[in-house]
Structure formats: C-alpha cells, structure tokens
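Student: Sharing a structure, written as structure tokens. Questions coming.
The values are calculated or read from the model by the stated rules, or taken from the named source; none is laboratory data. Computed from a predicted structure; not experimentally measured. Virtual Cβ from ideal backbone geometry, glycine too; neighbours counted across all protein chains shown. These area figures cover heavy atoms from the full protein model, side chains too; ligands, DNA and RNA do not enter into them. Shrake-Rupley method; radii C 1.70, N 1.55, O 1.52, S 1.80 Å.
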Amino acid sequence: MDCIFCSIISGDIPSKKVYEDENLYAFYDIEPAAPTHVLIVPKKHIASIMDLTEEDAPLVGGILLGIQKIAKELGLEENGFRVVNNMGQHGGQTVFHIHFHLIGGRQLFGMV
Ligand code: 5GP
Ligand code: ZN
C-alpha cells in the first residue's frame, strides 16, 4: 500500500521518532506549526476518524494516553498544548492514515 505514514512506521522513510509502543508511533512533523509539533499515529493503517470501528476503541484510548505521556516527556504539561485531528477535505486532511497533531511550545490562538 502506498501510504507515507506506513512507510515512516516501517522505517522506509526516515523520521525523528518521539515515542513508540506496540500500537503507536510518534514523530516530529516535517513542517512544524509551533516549536513542538508531533504526529501520533496508530501502526494499524486506518484512513481517517470515519474508518474507525468499535474494535478500535482500545486503540483510540491508547492514542490519548500516548499523547499524555509524550506531552509530559516534552514538557508541555505546565503551559498546555493542543491536539488536532483533521478529517477529509474541509478538515484539511492531507495524509490518509489517521493521525493526531500534538502542538505546543507557544500560545495558540483561534481554531482555524
Ligand atoms: P494533515 O494535514 O493530514 O492533518 O497532516 C499531515 C501532516 O503530515 C502535515 O502537518 C505534514 O507536515 C506532515 N507530513 C507530511 N509528510 C511528512 C513526512 O514525510 N514526514 C513528516 N515528519 N511529516 C510529514
Ligand atoms: Zn498507512
């Protein structure tokens, strides 16, 4: 399958790894929107939030707990941070392997 994030997870495309466990891989975004910008992706290829099923519920919970760990490790807890998931065209999704942006390190304004 031709998926850039699957290639990153497999190591075929290099990335700056931040965190990895059995189900998740996290790495620095190549075009950071803030001083800290990490992408958290499940190792399982799921195209978007609309492709999740009931059986993915533990995986989704694990993503949020993984984000919590990463935020702590990167020192984002005190000042706060933002978690973003983009879905589809209007959402601005460009990579169709579900991922969550963890953004912090400066004051963020607005929603769009
Ligand atoms: P989306 O727009 O789909 O929510 O987010 C995709 C993100 O992936 C973008 O922020 C983009 O900068 C990042 N990205 C795209 N290609 C690569 C890559 O090859 N390596 C890394 N580290 N990030 C990438
Ligand atoms: Zn993929």
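Student: Quick one: which residue in Gly105, Gly92 is without any contact (Cβ under 8 Å) to a residue 24 or more places away in the chain and more than 21 Å from Ile9 (Cβ to Cβ)?
Tutor: Gly92 is the lone residue from the list that is without any contact (Cβ under 8 Å) to a residue 24 or more places away in the chain and more than 21 Å from Ile9 (Cβ to Cβ).
Student: Among the candidates Ile8, Ile40, single out the residue that is within 15 Å of ligand 2 (Cβ to nearest atom), in contact with a Phe, Trp or Tyr (Cβ under 7 Å, 6 or more places away or on another chain), under 23 Å from Arg106 (Cβ atoms) and open to solvent by less than 70 Å² (accessible area, probe 1.4 Å).
Tutor: Of the residues listed, the single one that is within 15 Å of ligand 2 (Cβ to nearest atom), in contact with a Phe, Trp or Tyr (Cβ under 7 Å, 6 or more places away or on another chain), under 23 Å from Arg106 (Cβ atoms) and open to solvent by less than 70 Å² (accessible area, probe 1.4 Å) is Ile40.
Student: Identify the residue in the stretch 74-112 that is within 16 Å of ligand 2 (Cβ to nearest atom) and aromatic (Phe, Trp, Tyr) and, among all such residues, is most open to solvent (accessible area, probe 1.4 Å).
Tutor: The residue in question is Phe96.
Student: Next question. Just to be sure, is Ala34 assigned to a loop (DSSP other than H, G, I, E, B) and of a type in the set (Gly, Ala, Ser)?
Tutor: Considered against the rule, which asks whether it is assigned to a loop (DSSP other than H, G, I, E, B) and of a type in the set (Gly, Ala, Ser), Ala34 comes out as yes.
Student: Which residue, of Ile13, Ile49, Ile63, is of a type in the set (Val, Ile, Thr), buried (at least 17 other Cβ atoms within 10 Å of the Cβ) and modelled with pLDDT of 95 or more?
Tutor: Ile63
Student: Under the condition of being away from ligand 2 (no atom under 14 Å from the Cβ) and crowded, with 17+ Cβ neighbours inside 10 Å, which residue from the stretch 20-33 is farthest from the chain's Cα centre (by Cα)?
Tutor: Restricting to residues being away from ligand 2 (no atom under 14 Å from the Cβ) and crowded, with 17+ Cβ neighbours inside 10 Å, the top hit is Asp29.
The rows are residues; the columns are (1) part of a loop (DSSP other than H, G, I, E, B); (2) at pLDDT 95 or above; (3) away from ligand 1 (no atom under 14 Å from the Cβ); (4) touching a Cys at 6+ places or on another chain (Cβ under 8 Å).
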position	(1), (2), (3), (4)
Ile30	yes, yes, no, no
Val38	no, yes, no, no
Leu59	no, yes, yes, no
Ile67	no, yes, yes, no
Lys72	no, yes, yes, no
Gln93	yes, yes, no, no
